[in-house]
Amino acid sequence: MIKERRCCSRATRILSIEYRLYKSRHQHNDPNWHLSTTEDVSAAGLSFYSDYEYRPGDILDVRVVMSGLLEVFKGQGTVARSEQKRLGACYFVALRFASRSSRTTHASRPKRTTKRSYSATKRI
């Protein structure tokens, strides 16, 4: 039996994704955004198909959008795996999200800095 190495469960979700190369030791940064759809998503990362080859360790800027309106994630991720598919027309890319401290933006509710006061609230 093969031991599961993932730290988070993943869900097969098809979401729109925009990505571009942010940093690589093998090629120059790419200012152009590319479009694809996710294959599966977890709290730790996602996988998708790309027309471009990336290598493990490359850092991508990523924007994941649901229904074209709701931004699910905006930040960076590190390529964990990239495999050329049999026909050679595309690559399967597994991306691990950057740690929370190094993410540029996370599409979640901003943290409150002050406590709410409910003393002036009327009860009915």
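The values are calculated or read from the model by the stated rules, or taken from the named source; none is laboratory data. Computed from a predicted model, the values in this text were never measured in an experiment. As a convention, Cβ positions derive from the backbone with ideal geometry for all residues, glycine included, and neighbour counts pool all protein chains shown.
Okay, here's what the table says:
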quantity: Residues located in segment 82-124, provided they are surrounded by 14 or more Cβ atoms within 10 Å (Cβ to Cβ) and at pLDDT 60 or above; calculated: Ser82, Cys90, Tyr91, Phe92, Val93, Ala94, Leu95, Arg96, Phe97, Ala98
quantity: Criterion: surrounded by 14 or more Cβ atoms within 10 Å (Cβ to Cβ) and modelled with pLDDT of 90 or more - qualifying residue of Ser47, Ser42; calculated: Ser47
quantity: Segment 39-56: number of residues that are outside any loop (DSSP other than H, G, I, E, B) and over 15 Å from Gln76 (Cα atoms); calculated: 4
quantity: Pair list, Cβ < 7 Å and 6+ apart or interchain, from segment 71-83 residues that are free of Cβ contacts under 8 Å to residues at least 40 places away in the same chain and of a type in the set (Val, Ile, Thr) to residues that are surrounded by fewer than 18 Cβ atoms within 10 Å (Cβ to Cβ) and assigned to a strand (DSSP E or B); calculated: Thr78/Arg96
